[in-house]
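Q: I am attaching a structure below and will ask some questions about it afterwards.
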Amino acid sequence: MSDGQDSPTRDQREQLQEKILTEYPRLGRDDTFQFSCHPGVSCFNKCCGDVNIFLSPYDVLRMKRRLGMSSTAFLDKYTLMPVQKDMKTPVVMLRMNDDHAKSCPHLTDGGCGIYSDRPWPCRMYPLGLAAQKDTADGWRGDRFYFVLQEEECKGFGEGQQWTVQQWLDDQGVDEYDEWGEAFKELTLHKFFEEGGVLSPEKMHMFFTACYDLDKFREFVFGSTLLQRFEMDEDFVEEMRYEDEALLRFAFLWLRFGLFGEPTMKVKEGVLEAFKGSVDKKRLFDRELVKTSEEDA
Ligand code: SF4
Ligand code: SF4
């Protein structure tokens with residue numbers, strides 16, 4: 001990791017998780033808290049620096065579009081990709097400026113310069129979301145919200161009373177949550193629970209498809225990939241121009257390619273091309289990764 005921005009270690013993450021699970025009051029959607037953040041608070045903008053913000057694929061999609069950049073240029077300029085031993089899937093973090101305050105590059109005197117496209121963690125604060133256990137259906141099983149009160153934050157105990165639901169609605173979190181749930185079907189897949197590890201090639205495939213959408217589009221439309229699957233023509237056209245459609249396809253394709261889920265239908269005759277192989281499916285998967293590597 002570079003630029004003096006340190007991502008939390010596994011130990012730190014586990015300690016915080018343990019504290020949240022055992023000590024923090026649990027809130028449901030109808031529970032209330034009091035909070036107000038506005039330019040008049042003495043701490044205004046202070047929380048937008050020296051902070052670890054993990055980005056989801058949908059966060060990246062929204063931010064790069066807002067900034068009018070390609071995903072490749074956005075990732076290069078505004079993100080860090082820490083590499084840790086225990087990483088199961090690629091991790092992308094917002095890169096802070098290299099100044100004394102390690103301020104967020106999107107911060108302006110008037111607040112967040114990309115406010116309507118700010119990432120999920122910035123929308124959620126001061127709420128956090130946790131789960132006793134990650135369940136097969138994402139976090140729907142036994143998840144709960146909690147209030148995360150940072151020391152320097154003066155927004156508590158004044159202003160408006162919110163229910164959790166009102167806060168989520170006000171911050172536009174639901175749309176992000178839907179994409180988050182779809183992403184967890186990849187990151188919390190039972191493949192990992194069962195000890196599965198992605199090869200460097202598959203990590204690269206995962207990263208490109210989820211985060212570097214413009215490069216993924218070049219790969220999808222510049223290779224033979226689409227010729228191998230039964231695809232709805234209208235959806236293919238959407239994928240050509242709409243990032244959301246392409247990301248939806250990326251998730252389906254990864255679940256098929258990495259975990260062997262039946263999320264895509266292979267065209268008749270394609271698998272026959274691999275006839276004679278002891279394990280046609282494995283050979284086909286290898287071809288997919290190879291195509292991704294060559295074309296992405
Ligand atoms: S993206 Fe916006 S809200 Fe989030 S840390 Fe940066 S300036 Fe603050
Ligand atoms: S520290 Fe709290 S009150 Fe101050 S700007 Fe950040 S969120 Fe708002």
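Each reported figure results from applying straightforward, stated rules to the coordinates on display, with no laboratory input. Please read all numbers here as calculations on a predicted model, not as lab measurements. Glycine gets a Cβ as well: all are built from the backbone with ideal geometry, and neighbour counts include every protein chain shown.
Q: Rounded to two decimals, what is the ratio between the C-alpha radius of gyration of the range 102-233 and 2.2 N^0.38 Å?
A: Normalised by 2.2 N^0.38 Å, the Cα Rg of the range 102-233 equals 1.37.
Q: Same structure again: Please arrange Thr208, Thr32 by how many other C-beta atoms lie within 10 Å of their C-beta, fewest to most.
A: Thr32, Thr208
Q: Which three semi-axes in whole Å describe the equivalent ellipsoid of the range 193-244, each the square root of 5 times a Cα gyration tensor eigenvalue, listed largest first?
A: Semi-axis lengths for the range 193-244 are 24, 13, 11 Å.
Q: Here's something else I'd like to know. May I ask you to work out the translational diffusion coefficient for the range 1-116 at 25 °C, viscosity 0.890 mPa s, via Stokes-Einstein with Rh from the Kirkwood sum over Cα pairs, reported in whole µm²/s?
A: Estimated via Stokes-Einstein, D reaches 148 µm²/s.
Q: Which entries of Lys77/Lys190; Lys102/Lys154; Lys77/Lys267; Lys85/Lys154 show an alpha-carbon separation above 29 angstrom in the structure shown?
A: In this structure, Lys77/Lys190; Lys77/Lys267; Lys85/Lys154 exceed 29 Å between Cα atoms.
Q: What chymotrypsin sites (Phe, Trp or Tyr not before Pro) does the range 16-51 have in DSSP loop regions with at most 16 other beta carbons within 10 Å?
A: Phe44
Q: How about the range 70-123: which trypsin sites (Lys or Arg not before Pro) there are in a DSSP loop, with at most 11 other Cβ atoms within 10 Å of their Cβ?
A: Loop-located and lightly packed - Lys85.
Q: Under a straight-distance cross-link criterion of Cα-Cα below 14 Å, which aspartates and glutamates are reachable from Lys64, leaving out those fewer than 8 residues away in the same chain?
A: Of all the aspartates and glutamates, those that pass the test against Lys64 - Cα under 14 Å, at least 8 places apart if same chain - are Asp76, Asp117, Asp212, Asp214, Glu242, Asp243, Glu244.
Q: Any chance you could check the Cα centroid distance between the range 216-258 and the range 48-82 for me, in angstrom?
A: One Cα centre to the other: 22 Å.
Q: Could you put Val197, Val51 in order, starting from the residue whose Cβ has the fewest other Cβ atoms within 10 Å?
A: Val197, Val51
Q: Quick one: net charge of Cys43's neighbours, Cβ under 15 Å, K/R +1, D/E -1?
A: Here the count lands on -4.
Q: A further question follows. Mind checking which aspartates and glutamates have their C-alpha under 12 Å from Lys46, skipping anything on the same chain fewer than 8 residues away?
A: Asp109, Glu150, Glu151, Glu152
Q: Quote the charge dipole size of the range 41-145 about the Cα centre in Debye, to the nearest 20; the model charges only the Cβ of Lys and Arg (+1) and of Asp and Glu (-1).
A: 220 debye
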